[in-house]
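Here the structure is laid out as structure tokens; the discussion comes afterwards.
The values are calculated or read from the model by the stated rules, or taken from the named source; none is laboratory data. Predicted model, so just to flag it, every value in this text is computed and none were measured. Methodologically, a virtual Cβ is constructed for each residue, glycine included, from the backbone with ideal geometry; neighbour enumeration extends over all protein chains shown.
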Amino acid sequence: MSANTKTISSVLSTRDVRSTTMRSSWQLVKRGLINTRRLPSAFIPTLAMPIFNMLSFSGTFFALTKLPGFPTDRSVNWFMPLGLAMGAAFSGVGLGFSLIRDLENGFYDRLRMSPTSRSSLIIGPILATWIRVTLVTLVVFGAGTILGARPTAGVMSYVCSWIAAIGISTIGAGWGLGLAYRFQDMRGAAIMQMSIFLTMFLSTAQVPLDVMTGWLHTVARINPITNIFRLSRSGWVNASDPGYISWSNSYGGLIAIVALSALTLIFALRSLKKMDR
């Protein structure tokens, strides 16, 4: 076989693999959305949780806005991104719960035997999660507006919060899938939930960094989720500073999203390959 023929065959083979991966991923996206419609009980909690958190925290801790230097006079502006982040995180790790269910009923074994790349088994469900998180984000924005949340940077306020939500859902999805592949039963579910609560509340989830003291301040300062919260809230606080949304206030959150997403997705892919051995 000539060198040109080998090159053409290699290119065609690569295209076939990509095409198969895309088709398989899209089928898994459709399956995820169909399951959302058929099993609303699995989707409603991820929709109700951010609204409940926003209501409870903004109502209970409304006096935080009276602290000197607090970046907004509307408690809902501060806690709406927290509720959105919690909903996005549990939408992501929810893939782990779904995977465990598929492993226990044997459906996932059929997926693994299908003639497609392993990456599609991760890409498809994550894309479906992005769609669900976007729907949750729109509902939370609407509920927040009713409760009095007001953006300080126009459309970019919503864009920054949406990017943060997509990023957190991706991180949660990679982590949840990786744990599900490792444990293959409900033992991994407890770790998924506990890790989400720990990483969220050991950050600036409830109060700004300059209000914290002691070990919590130290942990929150190095916690990358703090940077993601800064990105998510950048268009909802500091109304007196119209230039608050800037690269200096956004790059930390974007870097944290990219780095943590890469790490968790690599963890998920390696865990899947290890399960295949």
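A few points about this structure:
- Figure legend. Inter-residue proximity from the range 207-235: first residues of a type in the set (D, E), second residues at pLDDT below 90, beta-carbon distance below 7 Å, spacing 6+ or different chains. Indicated pairs: D210/G69.
- Any hit, the range 101-112, residues being buried (at least 22 other Cβ atoms within 10 Å of the Cβ) and either in contact with a Lys or Arg (Cβ under 7 Å, 6 or more places away or on another chain) or in a helix (DSSP H, G or I) (or both): no
- Residue check, L231 farther than 29 Å from Y108 by Cβ and crowded, with 22+ Cβ neighbours inside 10 Å: yes
- Residue match in the range 140-153 (condition: under 20 Å from the mean Cα position of the chain (by Cα), closer than 27 Å to G235 by Cα and surrounded by fewer than 15 Cβ atoms within 10 Å (Cβ to Cβ)): yes
- Checked against (1) over 19 Å from the mean Cα position of the chain (by Cα); (2) farther than 27 Å from V159 by Cα; (3) not aromatic (F, W, Y), P208 meets all criteria but (2).
- Pair list, Cβ under 7 Å, 6 or more apart: the range 158-169 residue under 8 Å from G235 (Cβ atoms), other residue of a type in the set (D, E, K, R) and surrounded by fewer than 24 Cβ atoms within 10 Å (Cβ to Cβ): none
- Residues in the range 52-75 that are in a helix (DSSP H, G or I) and surrounded by fewer than 24 Cβ atoms within 10 Å (Cβ to Cβ): 13 in all.
- Taking the criterion of being polar (S, T, N, Q), more than 13 Å from the chain's Cα centre (by Cα) and buried (at least 24 other Cβ atoms within 10 Å of the Cβ), the only residue of the range 163-203 that qualifies is S203.
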